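Structure first, commentary second.
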Amino acid sequence: RDRKHRERECGGLWTGRMQAAVGAGGMNYSQFMYGLKKAEIELDRKVLSDMAIHNQDSFKALTETARAQLS
């Protein structure tokens with residue numbers, strides 16, 4: 001039971017981190033995830049959250065890719 005609870009808490013934390021990073025680029029989280037899906041980029045929220053913190057240049061490139069797919 002507690003493992004499931006911890007997973008839910010971590011998922012919310014990862015989503016919040018991505019929302020902050022994507023929001024700085026002028027998009028929202030749902031647009032970002034939809035753009036990645038259209039670009040056929042399959043990364044989970046944990047990896048994306050880690051990239052938003054530690055590899056900001058790579059995350060910015062993903063944001064631009066997602067934005068290009070929405071146009």
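The values are calculated or read from the model by the stated rules, or taken from the named source; none is laboratory data. Predicted model, so just to flag it, every value in this text is computed and none were measured. For neighbour counting, all protein chains shown are included, and Cβ atoms are generated from backbone atoms with ideal geometry for every residue, glycine included. To get the accessible areas, we keep the full protein, side chains included, count just its heavy atoms, and leave off ligands, DNA and RNA. Shrake-Rupley method; radii C 1.70, N 1.55, O 1.52, S 1.80 Å.
Of note:
- For GLY26: the one exception among (1) among the small types (Gly, Ala, Ser); (2) assigned to a helix (DSSP H, G or I); (3) surrounded by fewer than 12 Cβ atoms within 10 Å (Cβ to Cβ): (2)
- LEU36 meets the conditions (1) within 12 Å of the chain's Cα centre (by Cα); (2) aliphatic (A, V, I, L, M); (3) open to solvent by 60 Å² or more (accessible area, probe 1.4 Å) in every case but one. The failed one is (3).
- GLN69 vs. criteria free of Cβ contacts under 8 Å to residues at least 12 places away in the same chain and part of a helix (DSSP H, G or I): no
- Options ASP57, ASP44: the member that is of a type in the set (D, E, K, R) and either over 9 Å from the mean Cα position of the chain (by Cα) or surrounded by 13 or more Cβ atoms within 10 Å (Cβ to Cβ) (or both): ASP57
- First in the stretch 41-66 and charged (D, E, K, R), second anywhere and part of a helix (DSSP H, G or I), Cβ under 6 Å, 6 or more apart: ARG45/TRP14; LYS46/TRP14
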